[in-house]
Amino acid sequence: MCKGLAALPATCLKSAKDIKHKIGFLLQKPDPPQDQKTLKEKEKVTVVNRVPIAEIEKWKLSFNNLIENEDGLKAFTSYLQSEYSQENIEFWEACEDFKQASVDKMNVKAKNLFERYVEVDSPREVNLDSATRELTRKNLERCDSSCFEEAQSKIFTLMEKDSYRRFLKSKLFLELSQPLLDNKPCSLEKKGKRHVSDYSQCLPCYA
């Protein structure tokens, strides 16, 4: 058996290692606590802005249009929260923030970002292949604004091909795309508070 494994090409062993890690990543992802589920059921609407229909139509055209728009980013984040996979958009945003960091703070920020999202078994680990993970680790040695480019690009593509497509078919997006009814106010209902904004469409946070 051992001789058989040794005879396999290195690329096969690497692919097997990546598959093993991805399966482990999915199996280890905990189910949300029951009290968290109950809280989400009670708070049907937690994020509200009224978004013009014309703006929402742009979100359908590309993933970039969605996340580069403030309300679009909030809606997509809200959707990912409902799927318990918001670490992906959190990582993407953290990478964008990292690019703006001053040189004197870059090393500390890079280390924190890596340990929170990239390191195996990190608190908010995102799903990266071992080659990208190792490349990112090596990039920390020279630490500049491009350190996380490859990892950020992989997570962007993952969201674009997976979560974004489901978002466009979600109950949240379908409701956003409907005209606002006069007798159905749009509000932020959280901790008994109510806020109404000045746009033309609701942004509830459930999928």
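The values are calculated or read from the model by the stated rules, or taken from the named source; none is laboratory data. Remember, it's a predicted structure, so these values are computed and weren't measured experimentally. For neighbour counting, all protein chains shown are included, and Cβ atoms are generated from backbone atoms with ideal geometry for every residue, glycine included. Protein only, heavy atoms only, side chains kept; ligands, DNA and RNA dropped before computing areas. Shrake-Rupley method; radii C 1.70, N 1.55, O 1.52, S 1.80 Å.
Here are a few things to note about the model shown:
- Just one of the numbered conditions (1) over 28 Å from residue 62 (Cα atoms); (2) at pLDDT below 95; (3) open to solvent by less than 50 Å² (accessible area, probe 1.4 Å) is not true of residue 110: (2).
- Scanning region 125-151 for residues that are in contact with a helix residue (DSSP H, G or I) (Cβ under 9 Å, 6 or more places away or on another chain), open to solvent by 50 Å² or more (accessible area, probe 1.4 Å) and farther than 15 Å from residue 105 by Cα yields a count of 4.
- Number of the exception - residue 166 against (1) at pLDDT below 95; (2) open to solvent by 80 Å² or more (accessible area, probe 1.4 Å): (1)
- Residue match in region 152-163 (condition: open to solvent by 30 Å² or more (accessible area, probe 1.4 Å), modelled with pLDDT of 95 or more, in contact with a Phe, Trp or Tyr (Cβ under 8 Å, 6 or more places away or on another chain) and at negative phi): yes
- From 83, 68, residue being under 29 Å from residue 168 (Cα atoms) and without any contact (Cβ under 8 Å) to a residue 12 or more places away in the chain: 68
- Considering region 55-174, the qualifying helices (runs of 4 or more DSSP H), each wholly inside and each with 2 or more residues that are of a type in the set (Ser, Thr, Tyr), run over 70-82, 130-139, 149-161, 163-168.
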